[in-house]
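Right, one structure below, let's go through it.
The values are calculated or read from the model by the stated rules, or taken from the named source; none is laboratory data. Only a predicted model underlies this, so the values are computations on that prediction, with no experimental measurement involved. Cβ placement follows ideal geometry from the backbone for every residue including glycine, while neighbour counts extend to all protein chains displayed.
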């Protein structure tokens, strides 16, 4: 039997004859089911997060492995973690079949190379301290399965995000996250509902993991990197809100901290110099509250 992600959707069988508005309404109706499918697997997502937090706290890393759309979504999520939460680019890594060239041009044939999944993780120096999440719509992609089998052979924690039940990928991992979104509006086009579900789940995993690690206070990204004008303005707002400082004083403090919001927050919170704040942050894994508490 075909995976549900490859089956035809009777609700959109005449989408080629529909008007533009009718066509996008059909797609929108299908998209409405994605969040509900993700809701059904929240317990599995939470269990995976708790394990990943534990692994990262003990010096491990998180790897996403996938091909095509699934691989691109993994690389996208991984690439956004360092600027948002101020962590190393090594902490969360996206591994995609065909390498980074596959981000902008199709490399779908590479997904059939089972040994390549293991080889790519081996080249990243994967160890048993790390965690690996395989991402695939159908759950039968050789590259992704090969990567997870290699991770299991090292005794890594493994999970998957797959949109088809009973797949080989689901059977190969410790925790399977399986949001069943149903057939796509365009048969087999898993960049649509399946891709949206994968993106939603990864948003939850990476965001809540970073929150649990201490890189968010309230709902503010207190560890963000101020790498452009918009982010500099955001850093200023966060600093003013967190400290109660007026704009002029907050700007001066950011200048003194060389634009590092984390350092500015510790300087203000503990009333210390930039050098002391930087030193304590390094000891505290760059967790602002932890650094401030240790200086009081």
Tell me, which helices (runs of 4 or more DSSP H) wholly within the range 8-89 include 3 or more residues that are at pLDDT 95 or above and closer than 14 Å to residue 205 by Cα? 42-57, 68-85
Would you be able to say whether some residue in the range 164-172 is more than 30 Å from residue 28 (Cα to Cα), at pLDDT below 95, surrounded by fewer than 22 Cβ atoms within 10 Å (Cβ to Cβ) and in contact with a strand residue (DSSP E or B) (Cβ under 9 Å, 6 or more places away or on another chain)? yes
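Restricting attention to the range 218-248, which residues are under 18 Å from residue 292 (Cβ atoms), assigned by TED's automatic domain parsing to the domain that holds residue 281 and not in a loop (DSSP other than H, G, I, E, B)?
Looking only at the range 218-248, we keep the residues that are under 18 Å from residue 292 (Cβ atoms), and these are 218, 220-224, 235, 238-245.
Narrowing further to those that are assigned by TED's automatic domain parsing to the domain that holds residue 281: 235, 238-245.
Across the range 218-248, the qualifying residues are 235, 238, 239, 240, 241, 242, 243.
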If I filter the range 230-240 for residues that are under 24 Å from residue 78 (Cα atoms) and touching a residue at least 60 places away in the same chain (Cβ under 8 Å), do I get at least one hit? yes
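Please find, within the range 51-66, the residue that is surrounded by the most Cβ atoms within 10 Å (Cβ to Cβ) out of those that are touching a residue at least 60 places away in the same chain (Cβ under 8 Å) and over 17 Å from residue 122 (Cα atoms). Give the steps one after another, and end with the answer.
First pass over the range 51-66, keeping only residues touching a residue at least 60 places away in the same chain (Cβ under 8 Å): 51-53, 55-66.
Narrowing further to those that are over 17 Å from residue 122 (Cα atoms): 51-53, 55-59.
Working: 51: 17, 52: 26, 53: 18, 55: 19, 56: 22, 57: 12, 58: 8, 59: 9.
Looking at residues that are touching a residue at least 60 places away in the same chain (Cβ under 8 Å) and over 17 Å from residue 122 (Cα atoms), I get 52.
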Residue check: is residue 187 in a loop (DSSP other than H, G, I, E, B) and not assigned by TED's automatic domain parsing to the domain that holds residue 52? no
In the range 106-159, the residues that are crowded, with 20+ Cβ neighbours inside 10 Å and part of a loop (DSSP other than H, G, I, E, B): 126, 130, 137, 138, 139, 141, 156
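Test of understanding: among 255, 285, which residue is assigned to a loop (DSSP other than H, G, I, E, B), surrounded by fewer than 16 Cβ atoms within 10 Å (Cβ to Cβ) and outside the structural domain of residue 85 (by TED's automatic domain parsing)?
Details: 255 fails: assigned to a loop (DSSP other than H, G, I, E, B).
Matching residue, one of 255, 285: 285.
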Restricting the first residue to the range 8-32 and requiring it to be farther than 21 Å from residue 190 by Cβ and not assigned by TED's automatic domain parsing to the domain that holds residue 185, which pairs with a second residue that is at pLDDT 95 or above and part of a helix (DSSP H, G or I) meet a Cβ separation below 6 Å and a spacing of at least six or different chains? none
Six or more apart or on different chains, Cβ atoms under 9 Å: show the pairs whose first residue is in the range 124-150 and in the same structural domain as residue 93 (by TED's automatic domain parsing) and on the phi > 0 side of the Ramachandran plot and whose second is in a loop (DSSP other than H, G, I, E, B) and surrounded by 23 or more Cβ atoms within 10 Å (Cβ to Cβ). 139/163; 139/164
Matching entry among 267, 240 (being crowded, with 21+ Cβ neighbours inside 10 Å, out of contact with any strand residue (DSSP E or B) (no Cβ under 7 Å at 6 or more places or on another chain) and farther than 19 Å from residue 83 by Cβ): 267
Does residue 207 count as in a helix (DSSP H, G or I), without any contact (Cβ under 8 Å) to a residue 40 or more places away in the chain and either under 30 Å from residue 284 (Cα atoms) or out of contact with any helix residue (DSSP H, G or I) (no Cβ under 7 Å at 6 or more places or on another chain) (or both)? yes
